[in-house]
Structures are given as C-alpha cells and as structure tokens.
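Taken together, the values in this text are just the output of simple stated rules run on the coordinates, not laboratory data. Not measured: the values here are computed from a predicted model. For neighbour counting, all protein chains shown are included, and Cβ atoms are generated from backbone atoms with ideal geometry for every residue, glycine included.
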Amino acid sequence: MTTNHKHLDIIRRLSHFLDNAIPIPGTKYRVGLDPIIGLIPGIGDAVTSLMSTYIILIAMQMGVSRWTLTRMVFNVLIESIVGIVPVVGDLFDAAWKSNEKNRILLEASLLNPRGPAADRVFVVGMVFVLLLIFVATGVGAFMLLKWIFQQF
C-alpha cells in the first residue's frame, strides 16, 4: 500500500468517526462523534477542530491543490465558528459534516488534480491559518464559559 493510500485510509476512517459513525434508527441519517465530543464544555470543540486540522495536514502532505486546501480550511472554519455556540453549534456540526465534505473534496482532487503540489510558503500559511482556527476556538470557548459563570 502506498503512502497516499495509507493517508487516504486514515482520512476515510477519521471522517467516518467524526461525521457518520452512528446511524439514527428509523432514518438513513448518520451522525458522528464530532457533535457529541463538542458537547464537552471548553475542550470539546477544540479537540474536534484539532482532528479536522489533522485531516487537512494529511491532505497537504498528499499534495492536493491550493484550491482544495482552501475549501477544506473554510469548511473547518465555518464548523469551528458556529460550533462555539452551545447546543446550536453541535446541531450544526451534526448537519454540516465538514470532515466528510473534506474527504470528498480530497478524493475528487486526487482523481482530477489541477496543478502541482502547494509551495512551501502556501503550506506554511495554511498551517498558520489552521493554528489560528484552533486558538480562536479555544478562546471563544473560554470566553463563553467565563460569561456563563459570571451570570451566576
């Protein structure tokens, strides 16, 4: 098995775990552990954002196009920002499924590559953006918890 096949297998498993692991009885709909982990105050969204970031970092190593990486980052960014809102964010996580969207984008990019792998500057920039997403999620969760505790 080549390295890209191993990476793709990791992404498939992780996106399934986060977005589609649990079938909803009586429906065709599935949810993953992302919205469930997100219910943990303070760290839940940070943990799932890290897992989503890991998928993007693997995609970078696989050499997908800048356009695909940018779309993947925005999927995670949207989920991370909305995910900060208690309960509503977790319901959004269950519906948005950013990791599944990113898996599909990655597979489509591998089937039809549009250009060369991202250059070094772009990769460093993307890592910086991903770290900002992680920090913003943590700060947002901290501020929300602080506000909640001040109300009582």
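Details
- Across the cross-link table entries Lys101/Lys146; Lys6/Lys101; Lys28/Lys101, which are compared at the Cα atoms, the separations over 24 Å belong to Lys101/Lys146.
- Peptides 70-78, 129-137, 24-32, ordered by how many other C-beta atoms sit within 10 Å of their residues on average, highest first, read 70-78, 129-137, 24-32.
- In degrees, nearest ten, helix 44-62 long axis to first principal axis of the chain (Cα): 10
- Dipole orientation for region 17-146: of the candidates Ile24, Ile78, Leu110, Leu110 has the Cα lying most toward the positive pole (charges on Cβ; Lys, Arg +1; Asp, Glu -1).
- Highest-first packing order for the peptide set 88-95, 48-55 is 48-55, 88-95, based on the mean count of other beta carbon atoms within 10 Å.
- Protection proxy ranking of 8-14, 62-68, 33-39 - average other beta-carbon atoms within 10 Å, highest first: 33-39, 62-68, 8-14
- Cα-centre dipole for the chain with unit charges at Cβ (Lys and Arg positive, Asp and Glu negative), debye to 20: 320
- Estimated 222 nm signal from helices in the chain, with DSSP H stretches of n ≥ 4 weighted -39500 (n - 2.57), rounded to 500: -24500 deg cm²/dmol
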